[in-house]
Each structure stands twice: as C-alpha cells, then as structure tokens.
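Engineer: Before I ask anything, here is the structure I am working with.
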Amino acid sequence: QVQMVESGGGLVQAGGSLRLSCAASGSIFSLQNMGWYRQAPGKQRELVALITRAGSTNYADSVKGRFTISRDNGKKTVYLQMNSLKPEDTAVYFCNAAGLRGAEWSPVYPWGQGTQVTVSS
C-alpha cells in the first residue's frame with residue numbers, strides 16, 4: 001500500500017511563501033504522475049498542480065505563476081513551492097499519485113493526513 005506523508009504547512013501572512021513536501025512510499029514513485037490537491041472549508045478537493053513522470057507540469061489557473069511543483073525521484077518526494085500566497089490559498093493540502101481518466105486527473109491512492117496552510121490577510 002502506497003502512503004503519502006505531507007509536511008511544511010503553517011501560518012503565513014499574505015504575500016509570503018511556503019514549501020510543502022510529500023514523501024511517498026512504494027517502489028514505483030518514479031513511474032507515477034504526482035499531484036498536489038487542496039481542500040478549503042466547505043469546498044471540494046481540487047487539483048492545483050501536477051507533475052508527470054516525464055517532468056512536465058500543469059497548474060490550476062488560480063495558482064499559475066505563483067506555485068511551482070517539482071519532484072526528486074531518488075528521495076521519492078514531491079514538492080510544492082508556494083509564493084505570493086493569498087488568503088484564498090488557505091486549505092488543507094494533500095499529495096497523491098494521479099491517473100488520467102477521460103479528461104481528468106484522478107487520485108490513485110488513499111489520502112494522507114494532509115498539511116494545513118493558513119494565509120492571513
């Protein structure tokens with residue numbers, strides 16, 4: 001069973017930065033597309049950044065130009081650098097492998113505990 005352990009969240013003022021990390025277990029990490037998702041109170045979980053196994057990246061419009069996803073296959077870790085944070089970025093952030101189903105990327109494994117990001121105005 002693959003598990004994800006997210007870390008790096010916290011409380012930051014608007015305009016600040018945070019770097020999230022996600023350590024994954026399993027031997028096939030380098031073969032998987034990985035995504036960062038977030039869930040704000042009262043809202044559905046959404047995919048905000050994706051990095052394919054080939055290293056291509058894709059971002060939700062709401063974070064484009066501010067967030068950067070990267071991966072280190074040797075460490076089985078995926079990162080999310082978040083700059084110019086806004087109060088609307090406040091959410092619990094999760095990582096997961098992502099599988100393409102039709103036109104959408106869907107999570108592959110059970111969710112980890114996530115990491116809370118709170119941006120104050």
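The values are calculated or read from the model by the stated rules, or taken from the named source; none is laboratory data. Because the structure is a prediction, the values reported are computed rather than measured. Note that each Cβ is placed from the backbone with ideal geometry, even for glycine, and that neighbours are counted across all protein chains shown. Side chains included, ligands, DNA and RNA excluded: accessible areas come from the protein's heavy atoms. Shrake-Rupley method; radii C 1.70, N 1.55, O 1.52, S 1.80 Å.
Engineer: What is the log10 of I(q)/I(0) for the chain, computed with the Debye formula using one identical point scatterer on each Cα and no solvent, at q = 0.16, 0.20 Å⁻¹?
Structural biologist: Debye output, listed in q order: -0.69, -1.09.
Engineer: Just how large is the dipole of the chain about the Cα centre, in debye to the nearest 20, putting +1 at every Lys and Arg Cβ and -1 at every Asp and Glu Cβ?
Structural biologist: Working: 12 positive and 7 negative charges, 34 e Å.
Charge dipole, the chain, about its Cα centre: 160 debye, nearest 20.
Engineer: If Lys and Arg each add +1 and Asp and Glu each add -1, what is the summed charge of the other residues whose beta carbon sits under 13 Å from the beta carbon of N83?
Structural biologist: Working: positive: R19, K64, R66, K86; negative: D89.
Counting the neighbours of N83, the net charge comes to +3.
Engineer: So, taking all protein chains as they sit and a 1.4 Å probe, how much accessible area belongs to K75, in Å² rounded to tens?
Structural biologist: About 140 Å², rounded to the nearest 10.
Engineer: Below 12 angstrom from the Cβ of A24, what's the summed charge of the other residues (Lys, Arg +1; Asp, Glu -1)? Mind showing how you got there, number by number?
Structural biologist: Details: positive: R71, K75, K76; negative: E6, D72.
Taking every Cβ under 12 Å from that of A24, the sum is +1.
Engineer: Using a 7 Å offset from the Cα along the Cα-to-Cβ direction at both A60 and S106, what is the distance between the two label points in nm, to one decimal?
Structural biologist: 1.9 nm
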